[in-house]
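The values are calculated or read from the model by the stated rules, or taken from the named source; none is laboratory data. This structure is a prediction, so every number in the text was calculated from the model and none was measured. Positions of Cβ are backbone-derived with ideal geometry, glycine not excepted, and every protein chain shown enters the neighbour counts.
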Amino acid sequence: MRRIISLVPSTTEMLYFLGLQDRLVGVTDHCDFPEEAKKKFKVGTFAQPRLEEIISLGPDLVLAERALHRKAIDELTNAGIRVLAYSPSSVEDVLFIMNDIVRACGTERAAGPLIKSLGERARGLSPRPEGKRPRVFRLMNAEPLITPGPGSFQYDALRLAGARQMDFYSRNAYVMVTFDQIKEFNPEVLLFCGVARGQTPPPRCKGCHVSKPACQRTAEDIFTGDWEQIEAVREKRLHPIPCHTICRPGPRLIDGMELLHSSFLNI
């Protein structure tokens, strides 16, 4: 596979981590890490890739998101282009994706040890008994209240990092909850998409028209009023986390897990 196009920011990161960046001929506008990825030819946005441009580049392989790019996958496959598409639901899935990519590219010997090292780091986080795990709630969206569910790699990453999370009957990747459910769970730690007070907010993603994007909110914007009933708010254990910490299922996910694991040990 000499010519690769990545339609997913996390798989773009994987290609650089695995030493395959020289084969990368196209990315999306949202593929912003590492910095060199911004210089690659753009084939649209993460949500709306431009199929004509993708096909015109003559790729041997396109990396896509299984659910979001369903239509594009069908059209590219019909055009005779090989597509590998993923929707990871666990940390092991993230490692599988990297192994799958290097198998397709014939670089298992060179890249295999890199993937193995990531796996060892993820599995090596010292486990804690359930009763010793801090109650952690990850807020992705405030209106409505949305959190990662058991079917998401984020939920699995937090579990491995040592968090005790809300139990759900659902196996969905993302779950809408009520404030009463959060109050009953009474988290000791609140992780949210946002920035610390006084911190320069990240630039808006291309195509974002939300008046107050989640990534630019502070704790003071969200956790007021009834939130004062929650232990994490009273104890000021409110932690904004940048997108790459656990939102992207790429190599930096393991860094984020280690960082969170260290912070949970102090609770």
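Structure summary
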| item | result |
| --- | --- |
| Count - residues of the range 210-242 that are over 19 Å from P187 (Cα atoms) and either charged (D, E, K, R) or crowded, with 18+ Cβ neighbours inside 10 Å (or both) | 5 |
| Pick from the range 1-60, criterion within 17 Å of A72 (Cα to Cα) and polar (S, T, N, Q), ranking: nearest to the chain's Cα centre (by Cα) | T11 |
| Within the range 14-63, tally of residues that are of a type in the set (V, I, T) and either exposed (fewer than 15 other Cβ atoms within 10 Å of the Cβ) or over 17 Å from R3 (Cβ atoms) (or both) | 1 |
| Residue within the range 189-207 that is in contact (Cβ under 8 Å) with a residue 24 or more places away in the chain, under 24 Å from L265 (Cβ atoms), part of a loop (DSSP other than H, G, I, E, B) and not assigned by TED's automatic domain parsing to the domain that holds Q48 present | yes |
